[in-house]
Amino acid sequence: SIAVPSSAPRGSASFQAQGTAGVRLWVQSGAQSVKLPSSVSRWPLAPGPELLLAMDAPSRDVGDEKVRISYFREAGGVPVGRAVLYLTCVEVSLDADVNRSGAVSRTLLDKASWTWGPEGHGAVLLVNCDRDDAGAEGLDNEDSAVRSYNDLKDMSQLVLRTRGPRAIFAGHRLLLHVDFGDADKIRVFYGGSSAELEKFKHVLGGSKLAYSVRPSRHCHESVFYVEGLAFPDVAFSGLVSLHVTLLESPEKGLLESPIFTDSVVFRVAPWIMTPNTAAPLEVFVCRWVLGAPTLPSAGSAPKSRFSHFSPSVDDNEGFVAAVGELAERAQCPLTVCPVPQNRQDRWIQDEVEFGYVQAPHKTFPVVFDSPRDGGLKDFPVRSILGPDFGYVARPAPEGASSLDSFGNLEVSPPVTVQGKEYPLGRILIGSSFPRLGGRRMAKAVRDFLVAQKVQAPVELFSDWLLVGHVDEFLSFVPAPDRKGFRLLLASPSACYQLLKEKQEEGFGEAAMFQGRAGGEMGVPRPTINEILANEELRKFNDYAQSCINWNRDILKRSLGLAEPDILDIPQLFQDNATSGAVAFFPDMVVNMLVLGRHLGIPKPFGPVVGGRCCLEQRVRELLEPLGLSCTFIDDFFSYHVLLGEIHCGTNVRRKPFAFKWWHVVP
């Protein structure tokens, strides 16, 4: 934009503008804009018109294009003065994958902003939290070196394009720079014109706030590689900005002055959980043997639900074999964590949660390590972290409770709530409300989950349970109709109704736990009649049902569910020395292993009626019409008596969502 009157001789009343072939001109007067040349040959200088100019291609030489302005008096035909503006056009453009196609391209989109949704735009950055080099000790983003080409593939490209006369770039400076508040969130590498790994240097990020770029004589593009150092969190929105500025070099003693700045905004990709309904990719289970200390699921909970119980099994070989058979039917590989790695800690679900990170050019799994830090505390780093398998953790400085174990971390399938879509589901965590005080998940973990934005967390009431995990009373299974899934809720009411039916059918003397060690081993065998006559047990289960009903209402509101979307699974609870509820018998379908349509269900050892366990039969009647296959696995001595079940003792890495997280509208 040129203020034409600024160079007009005194007495001038109008002007005429002409440009060379590479220049386009417009006159803007008020709201009117007219492209030159036009039918109007002269333009009045009042009330202060602007001359707009543009060039479509970089100059070959300095000053090779020009604009000439002639000034005239009111009635004069001869110019009273002329002004000539010599022009040099250069291209300086900072580009990234703003349109999210998987490759860097030129775009008319606003690179300096980031928007959500299918029509949104903005570049994406991955936290480089895997370990591509087997010889490295830590994560890839914990050092300032590029150790492999696979490491570069985890990074996002940033392309600086420069074209124009070489003399201009020799006399000016190009500065790539990052905002001070973003410097500890990213690291930028540059290898110049070389593709050799040893040529890549850390040029930006951390203590390095700026880098002077020297455009190559033979190459018009400089390719930088950007890695994320931190996930979104309570003090970090996830947005980072990078800039390039063309600076004019003044005479000695004077500061450089900026001529032009181009900017690109990246958003760091969130950590995303996958629900039970996602396809399984890998099953994990721990092998253990008797003879070394064994941690209960809650960490601080009593070792056994039966006060005088002593395990009658030496290991969990049968359990591991049963899980392996189920995984084979689901065509899913099984990974067994051996004793030296798990140090007799079998609760692998409590230690880690599998998720993933995604950019348009790359997706890889990331394991979230809980603050629990049991015997498995080193397993995620030593055995899972590796090439294209990342790691993230959040400590609990205030000290970890049982609610910090990741049996207390679940995610729903995709839902729509009163018109608002949650295409990646909603995270579910257990808490202490509506009671005052009590246990809550560590603030650092809750803040981290909220900051990811794409799976808005819902807090449920789980502190009524001794262990306190949401996986003790809820689960999700795939379904062919309605929303594509069913929510399974533990239901004392449904269990009492079933037992009452069997009593009325004449099976009141059928006993629980047939085939389990009884009497002298501390495992009672109550009959249906005895269970129904136990008023203390009934009162406690009335309390448990009220807690589950509270959560049922929250889940219906928060996930947009109706009653047909929920299945009530028969389950009883008992009071463990006034410290909280534990499952009275193995927590069947709620604490289960879901591998597609194949379900691994804790064998309940319920009353046998007509040659079949009535609890197993009722579960089959509820789930098999959905096309699900029910396999009941004996986890009684190896897990149930230690306050856990199949879900607590296994873990599953699942297929990422097909839906792209940047299409979410938070």
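The values are calculated or read from the model by the stated rules, or taken from the named source; none is laboratory data. Keep in mind that this is a model prediction, so the values were computed, not measured. Quick reminder, even Gly has a Cβ in these numbers, built from the backbone with ideal geometry, and neighbours come from all protein chains shown. For the accessible areas, the whole protein counts, side chains as well, though only heavy atoms, and no ligand, DNA or RNA atoms are used. Shrake-Rupley method; radii C 1.70, N 1.55, O 1.52, S 1.80 Å.
Observations on the model:
- Dipole magnitude of the chain, debye to nearest 20 (Cβ charges: Lys/Arg +1, Asp/Glu -1, about Cα centre): 2660 debye
- Along the chain, counting only trypsin sites (Lys or Arg not before Pro) with a DSSP assignment other than H, G, I, E or B and at most 11 other Cβ atoms inside a 10 Å radius, the longest segment between sites is 483-666.
- Within straight-line cross-link reach of LYS111, aspartates and glutamates at Cα separation under 19 Å, skipping those fewer than 8 residues along the same chain: GLU91, ASP95, ASP97, GLU119, ASP179, ASP182, GLU221, GLU227, ASP262
- Rounded to the nearest 20, the Cβ-based charge dipole of region 91-268 about its Cα centre (Lys and Arg +1, Asp and Glu -1) stands at 720 debye.
- Share, in percent, of DSSP beta bridges within region 384-489 that are antiparallel, nearest 5: 75 percent
- Whole-angstrom gap from region 425-469 to region 224-247, using each part's C-alpha centre: 29 Å
- Whole-number D in µm² s⁻¹ for region 59-115, Kirkwood Cα-pair radius fed into Stokes-Einstein, 4 °C, 1.567 mPa s: 83 µm²/s
- Listed residues TYR225, GLY560, SER383: farthest to the positive end of the dipole of the chain (Cβ charges): TYR225
- Cut-off under 5 Å, modelled amide H: who pairs with GLY430 long-range: LEU460, VAL470
- Two-decimal Rg/Rh across region 2-87, once Rg and the Kirkwood Rh are taken from alpha-carbon atoms: 0.97
- Note that region 91-268 carries a Kirkwood radius of 17.0 Å, evaluated over its alpha carbons pair by pair.
- Computed over protein heavy atoms with a 1.4 Å probe, the carbon and sulfur contribution to the accessible area of region 1-84 reaches 49%.
- Here the Debye sum runs over all C-alpha atoms of region 210-262 as equal scatterers in vacuum, and log10 of I(q)/I(0) at q = 0.15, 0.21, 0.22, 0.23 Å⁻¹ comes out as -0.70, -0.97, -1.00, -1.04.
- Gap separating the Cα centres of region 605-659 and region 323-354, nearest whole Å: 16 Å
- Using only side-chain charges placed at the Cβ, +1 for Lys and Arg and -1 for Asp and Glu, the dipole size of region 2-87 relative to its Cα centre rounds to 220 debye.
- The antiparallel fraction among DSSP beta bridges confined to region 428-511 stands at about 55%.
- Scaled against the 2.2 N^0.38 Å expected of a compact globular protein of N residues, the Cα radius of gyration of the chain reads 1.30.
- Principal semi-axes of the equivalent ellipsoid, √(5λ) from the alpha carbon gyration tensor of region 376-515, are 33, 21, 18 Å from largest down.
- Of the residues LEU209, VAL268, ALA235, the one whose Cα sits farthest toward the positive end of the charge dipole of region 178-285, with +1 on the Cβ of Lys and Arg and -1 on the Cβ of Asp and Glu, is LEU209.
- Scanning residues 5 or more positions from ARG73 or on other chains, those with amide H under 5 Å from its amide H are ALA13, VAL80, with H placed 1.01 Å from N in the peptide plane.
- Candidates PRO338, PRO365, PRO118 compared by Cα position along the dipole of the chain: farthest toward the positive end lies PRO118, with charges placed on Cβ.
- Beta bridges per DSSP, both residues in the chain: antiparallel share near 80 percent.
- Shown are TRP550, TRP464, whose ranking by accessible area with a 1.4 Å probe and every protein chain present, most to least, is TRP550, TRP464.
- For LYS208, the lysines whose Cα falls under 22 Å of its own Cα, not counting residues fewer than eight places away in the same chain, are LYS185, LYS199.
- TRP26 accessible area, 1.4 Å probe, all protein chains in place, Å² to nearest 10: 60 Å²
- Share of carbon and sulfur in the accessible heavy-atom surface of region 615-662 [1.4 Å probe, %]: 50 percent
- Once you reduce region 5-39 and region 497-515 to the center of their Cα atoms, the two points are 97 Å from each other.
- Per residue, in Å², the accessible surface of the chain once ligands and nucleic acids are set aside, probe 1.4 Å: 42 Å²
- Gyration tensor over alpha-carbon atoms, region 532-643, equivalent ellipsoid semi-axes in Å: 22, 21, 14
- Lysines whose Cα lies under 26 Å from that of LYS539, excluding same-chain neighbours fewer than 8 positions away: LYS303, LYS500, LYS502, LYS556, LYS603
- Relative contact order of the chain, defined on C-alpha pairs under 8 angstrom at six or more residues apart (%): 12 percent
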